[in-house]
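Visitor: Questions regarding the structure given below will be posed in turn.
The values are calculated or read from the model by the stated rules, or taken from the named source; none is laboratory data. Predicted model only: the values in this text are computed from it and were never measured. Positions of Cβ are backbone-derived with ideal geometry, glycine not excepted, and every protein chain shown enters the neighbour counts. Just so you know, the surface numbers come from the protein's heavy atoms only, side chains and all, with ligands and any DNA or RNA stripped out. Shrake-Rupley method; radii C 1.70, N 1.55, O 1.52, S 1.80 Å.
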Amino acid sequence: MSDHPSAPYAPSGIRALPSWLLGRAAARGHRLVAEALATEGMRMMHHAVLSAVAELGPVSQAELSRTVGIDPKDIVAIVNDLQRDGLVTRTPDPKDRRKNAIEISADGTRRLHRTARLGDQANAELTAALTPEERAQLVALLTRIVSPGKTEAPGGTEAPGEAGAPGPGVRA
């Protein structure tokens, strides 16, 4: 009934609900990606922040916090960890010297390439029972569930004909 020994029992009527199935799939995906990233010494939130810095950088901590939806005090700790590991740099923001601009380092770029491949492999494992067409359909359907009324193409960009600015495409 479950693919993981720690998954709680659920009656058959609940196991057929989309919300329950999405939760179990998300938990399995989270576990697979977390385990894969751990082989590089990376936690999922650190990977998400590093990905966002690569995409948005140079970026202020405040903007980074707002964009990825992480509490400002938590973003400070994550950026401190990434800087300690040599994956990002902090320099005075040329637009506002009171702020720091965070940018990915060369080591950070190399680590991000490795962790992105690991994340891709974990997601491939998660969806291994699907054909490539089914996987594309799953991504399209989940995108519609996550963002009702918006059409977003895989990879975090809005599909042609859609108004509005796309958000950052952070792998997880």
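Visitor: Give me a count of the residues in the range 42-72 that are open to solvent by 60 Å² or more (accessible area, probe 1.4 Å) and not in a helix (DSSP H, G or I).
Guide: Here the count works out to 4.
Visitor: Checking Ile104 against (1) of a type in the set (A, V, I, L, M); (2) over 17 Å from Ala52 (Cβ atoms); (3) in contact (Cβ under 8 Å) with a residue 40 or more places away in the chain, only one condition comes out false. Which one?
Guide: (2)
Visitor: With the condition kept exactly as written, say whether any residue in the range 30-39 is within 28 Å of Thr127 (Cβ to Cβ), modelled with pLDDT of 95 or more and assigned to a loop (DSSP other than H, G, I, E, B).
Guide: yes
Visitor: Just for the range 152-163: of the residues that are in a loop (DSSP other than H, G, I, E, B) and open to solvent by 60 Å² or more (accessible area, probe 1.4 Å), which one is modelled with the highest pLDDT?
Guide: Going through the qualifying residues, I end up with Gly155.
Visitor: In the range 29-41, which residues are open to solvent by less than 40 Å² (accessible area, probe 1.4 Å) and touching a residue at least 12 places away in the same chain (Cβ under 8 Å)?
Guide: Within the range 29-41, Gly29, Leu32, Val33, Ala36, Leu37 qualify.
Visitor: I'd like to verify a number: residues in the range 84-122 that are over 30 Å from Ala26 (Cβ atoms) and surrounded by 12 or more Cβ atoms within 10 Å (Cβ to Cβ), how many?
Guide: 10
Visitor: Is it true that some residue in the range 90-98 is polar (S, T, N, Q) and in a helix (DSSP H, G or I)?
Guide: Among the residues of the range 90-98, not one is polar (S, T, N, Q) and in a helix (DSSP H, G or I), which makes the answer no.
Visitor: Tell me which residues, restricted to the range 9-28, are within 21 Å of the chain's Cα centre (by Cα) and surrounded by fewer than 11 Cβ atoms within 10 Å (Cβ to Cβ).
Guide: Listed by number, the list holds a single entry, Ser19.
Visitor: Here is a further query. I'd like the full set of residues that are over 19 Å from Thr39 (Cβ atoms), part of a helix (DSSP H, G or I) and charged (D, E, K, R), limited to the range 114-151.
Guide: Across the range 114-151, the qualifying residues are Glu133, Glu134, Arg135, Arg144.
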